[in-house]
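Undergrad: My questions all concern the structure below.
The values are calculated or read from the model by the stated rules, or taken from the named source; none is laboratory data. Quick caveat, the model's predicted, so the values are computed rather than measured. Backbone-built Cβ (ideal geometry, glycine too); neighbour counts: all protein chains shown. Protein only, heavy atoms only, side chains kept; ligands, DNA and RNA dropped before computing areas. Shrake-Rupley method; radii C 1.70, N 1.55, O 1.52, S 1.80 Å.
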Amino acid sequence: MQKIKNYIGGKLVEPSNGQYLDNYNPAIGSVYSLIPDSTSKDVELAVKAAEKASEAWANTPAKERSDIMSKIADLIQRDLDKLAQAESIDNGKPLKLAKRVDIPRAVDNFSFFATAILHFSSEAHSMEGIALNYTLREPIGVVGCISPWNLPLYLFTWKIAPAIAAGNCVVAKPSEVTPMTAYLLSELCIEAGLPEGVLNIVHGLGPKVGSAMTKHKKIKAISFTGGTKTGEEIARVAAPMFKKLSLELGGKNPNIIFADCDYDKMLKTTIHSSFANQGQICLCGSRIFIERPIYDKFKEDFVKKVKQLIVGDPDGDKTNLGAVVSEAHMNKVLSYIKLAEEEGGTILAGGKRKILDGKHKDGWFIEPTIIEGLSYDCRTNQEEIFGPVVTIMPFDTEEEVLKYANSTEYGLAATIWTEDLSKAHRVADLVESGIVWVNCWLVRDLRTPFGGMKNSGVGREGGFEALRFFTEPKNICVKWA
Ligand code: TXE
């Protein structure tokens, strides 16, 4: 049984207590590897290694930092198939999705910030005849990155890349549910010649390792993606320590479809925005609102197409949905489907665990599920389910649909389908989301601010937003002679 290791001070090391946790393959429902059950002692070792490296790394010219990051990007690209296979086994997602989305985005994250740092600059302000102000943006020092299981390497590198590009040293913790590609990344960092201690990866449980990171005095900033509940817990600990916090949390995203949309394009994209990655993307449109004149047509077409989706072996070329990430998560999602029926919903497609045969007979698969007939403010339509479950409902006016869309505690992403430009701008402006897609979904420009409002998080990732998060601005005012 493979035992993965922590990556501390440039070395692959066992957890100090020699304890390990089971790591499951969700598509077969059994343990396939072991991960370190690290403790605060391992976090302490990682922080010490990061501290030891931080001055040299902060003083390493940006071009040198950039070159090493580009080398890491090249190595991820070189090992794309191996990393994609590892991601699919660890998370349950279709292999073709890992190959097309997850791993290429990890390459992009490193290459994007390798170049962004070369163009990152700050301001100067001249007080004519009096003084000159110039702003330095210096690395914070030792920072913490904590990431979730839905897009493991994609989100892990989305945090680490800007942090080290900006000259910080990192203590990082991937989700204990999907640790494998983070472990493979540590091997690539060694191969790329990343200096010892610049990146340290400590595997283990959130309440043990993640919490120790949040509490650690020497970790001056925390960048977190995960559940809103956990975000609250991290904020509760970190706020009184005056740490910088970037929190990318849950979502309950509206997909607003007007009758004047480009119908075929909308339908094709809506299948994807509803069920990609088994619905385990914080940006998925899980509440679908359809203007009444096309509601019946949409319902018929959408149900028909969803029933044709193939749930199966993640390695299958024709597979559309793989397994959900864990047994606990499968049961959570199934409990929401049960709740939906209790709240008066009608299941139009799916609704059950998908039992496959052969080696996948014990895998954690759920049928893509469509539910109608619920009120906009019931729990099913207010709480994040984070699985292959969407609700559909009609609306008659913009005011009505905006009331529904903005009714949840979340404000992460929204999708709007209309060919009327003024309507698109008007509704996009009024919908309470940090990210709005018009006539598309998940089109991503890494320069743009990424994140949500309300309970979907605090701060933004992406582009110079991320580099500003991972630096401390210092204004120096020099009196003219
Ligand atoms: O998140 P957690 P999980 C949502 C989704 C999902 C729910 C829980 O609704 O069902 O969050 O998912 C670490 N201190 N999203 O279990 O628990 C943990 O080890 C410090 C949306 O993945 O938040 C992991 O590395 N760290 C999200 C990371 O936090 C702690 C994507 C995320 O785990 C900790 C994933 C603690 N006390 C889930 N407890 C998105 N926005 O994309 C846990 N962790």
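Undergrad: Select from the stretch 406-433 the residues that are touching a Lys or Arg at 6+ places or on another chain (Cβ under 7 Å) and surrounded by 18 or more Cβ atoms within 10 Å (Cβ to Cβ) and list them in ascending order.
TA: The answer is Thr408, Tyr410, Gly411, Glu432.
Undergrad: Same structure, new question: Among all residue pairs at least 6 apart or on different chains, which show Cβ distances below 6 Å where the first residue, located in the stretch 345-364, is touching a residue at least 40 places away in the same chain (Cβ under 8 Å) and the second is open to solvent by 50 Å² or more (accessible area, probe 1.4 Å) and not in a loop (DSSP other than H, G, I, E, B)?
TA: Qualifying pairs under 6 Å: Ala349/Lys307; Trp364/Glu327.
Undergrad: Assess whether Gly231 counts as being touching a Ser or Thr at 6+ places or on another chain (Cβ under 8 Å) and within 11 Å of the ligand (Cβ to nearest atom).
TA: It is false that Gly231 is touching a Ser or Thr at 6+ places or on another chain (Cβ under 8 Å) and within 11 Å of the ligand (Cβ to nearest atom).
Undergrad: Tell me, yes or no, whether the stretch 326-344 has at least one residue that is touching a residue at least 24 places away in the same chain (Cβ under 8 Å) and at positive phi.
TA: Yes.
Undergrad: All but one of (1) in the same structural domain as Leu21 (by TED's automatic domain parsing); (2) in contact (Cβ under 8 Å) with a residue 24 or more places away in the chain; (3) not hydroxyl-bearing (Ser, Thr, Tyr) hold for Pro240, so report the exception by its number.
TA: So Pro240 meets the others, but not (2).
Undergrad: From the list Ile130, Ile72, Ile103, pick out the single residue that is open to solvent by 10 Å² or more (accessible area, probe 1.4 Å) and either at negative phi or in contact with a Ser or Thr (Cβ under 7 Å, 6 or more places away or on another chain) (or both).
TA: Answer to the check: Ile130.
Undergrad: Collect the residues in the stretch 370-382 that are under 29 Å from Asp313 (Cα atoms) and within 16 Å of the ligand (Cβ to nearest atom), keeping them in residue-number order.
TA: Across the stretch 370-382, the qualifying residue is only Thr380.
Undergrad: Select from the stretch 327-352 the residues that are in contact with a strand residue (DSSP E or B) (Cβ under 7 Å, 6 or more places away or on another chain) and part of a loop (DSSP other than H, G, I, E, B) and write down the one among them that is surrounded by the most Cβ atoms within 10 Å (Cβ to Cβ).
TA: If we take residues in the stretch 327-352 being in contact with a strand residue (DSSP E or B) (Cβ under 7 Å, 6 or more places away or on another chain) and part of a loop (DSSP other than H, G, I, E, B), then Gly350 is surrounded by the most Cβ atoms within 10 Å (Cβ to Cβ).
Undergrad: Test of understanding: among Val311, Val306, which residue is within 21 Å of Ile28 (Cα to Cα), in contact with a strand residue (DSSP E or B) (Cβ under 9 Å, 6 or more places away or on another chain) and not aromatic (Phe, Trp, Tyr)?
TA: Only one candidate qualifies: Val311.
Undergrad: While we're looking at this one, here's another question. Using the structure shown, decide if Gly206 is closer than 25 Å to Cys169 by Cα, surrounded by 23 or more Cβ atoms within 10 Å (Cβ to Cβ), at pLDDT 95 or above and within 16 Å of the ligand (Cβ to nearest atom).
TA: no
Undergrad: In the stretch 454-464, which residue that is touching a strand residue (DSSP E or B) at 6+ places or on another chain (Cβ under 8 Å) and open to solvent by less than 70 Å² (accessible area, probe 1.4 Å) is nearest to Asn253 (Cα to Cα)?
TA: Ser456
Undergrad: May I pose another question? Could we say that Ile476 is part of a strand (DSSP E or B) and more than 30 Å from Gly322 (Cβ to Cβ) here?
TA: Yes: the conditions hold for Ile476.
Undergrad: Being within 19 Å of Ile76 (Cβ to Cβ) and near the ligand (Cβ under 7 Å from one of its atoms) narrows it down to one of Pro195, Pro174, so name that one.
TA: Going through Pro195, Pro174 in turn, the sole match is Pro174.
Undergrad: Is it the case, given these coordinates, that Thr225 is hydroxyl-bearing (Ser, Thr, Tyr), within 7 Å of the ligand (Cβ to nearest atom) and in contact (Cβ under 8 Å) with a residue 60 or more places away in the chain?
TA: When the stated conditions are applied, Thr225 passes them.
Undergrad: Being in a helix (DSSP H, G or I) and open to solvent by 20 Å² or more (accessible area, probe 1.4 Å) narrows it down to one residue among Asp260, Asp301; which is it?
TA: Asp301 is the lone residue from the list that is in a helix (DSSP H, G or I) and open to solvent by 20 Å² or more (accessible area, probe 1.4 Å).
Undergrad: Restricting attention to the stretch 386-405, which residues are more than 13 Å from Ile288 (Cα to Cα), open to solvent by 10 Å² or more (accessible area, probe 1.4 Å) and not basic (Lys, Arg)?
TA: Phe386, Asp396, Thr397, Glu398, Glu399, Glu400
Undergrad: Filter the stretch 339-368 for residues that are within 16 Å of the ligand (Cβ to nearest atom) and farther than 15 Å from Lys252 by Cβ and give the result.
TA: Hits for the stretch 339-368 are Trp364, Ile366.
Undergrad: Further question on the same structure: Inspect all residues belonging to the stretch 392-405 and state whether any of them is assigned by TED's automatic domain parsing to the domain that holds Ile271, without any contact (Cβ under 8 Å) to a residue 60 or more places away in the chain and of a type outside the set (D, E, K, R).
TA: Yes, the stretch 392-405 has at least one match.
Undergrad: Would you pick out the residues in the stretch 409-441 that are of a type in the set (S, T, N, Q) and part of a helix (DSSP H, G or I)?
TA: Ser422
Undergrad: Now for a different question. Is it the case that Pro162 is assigned by TED's automatic domain parsing to the domain that holds Ala106 and either in a loop (DSSP other than H, G, I, E, B) or touching a His at 6+ places or on another chain (Cβ under 9 Å) (or both)?
TA: Here the answer is no, as Pro162 does not meet what is asked.
Undergrad: Something else now. Restricting to strands (runs of 3 or more DSSP E) lying wholly in the stretch 1-78: which have 1 or more residues that are at pLDDT 95 or above and small (Gly, Ala, Ser)?
TA: Passing ranges, in order: 30-36.
Undergrad: Report every pair of residues separated by at least 6 positions or lying on different chains whose Cβ atoms are under 7 Å apart, first residue within the stretch 169-194 and part of a loop (DSSP other than H, G, I, E, B), second polar (S, T, N, Q).
TA: Pro174/Ser147; Ser175/Ser147; Val177/Ser326; Thr178/Asn91; Pro179/Asn23
Undergrad: Could you check how many residues of the stretch 234-255 are more than 8 Å from the ligand (Cβ to nearest atom) and part of a strand (DSSP E or B)?
TA: Selection size over the stretch 234-255: 6.
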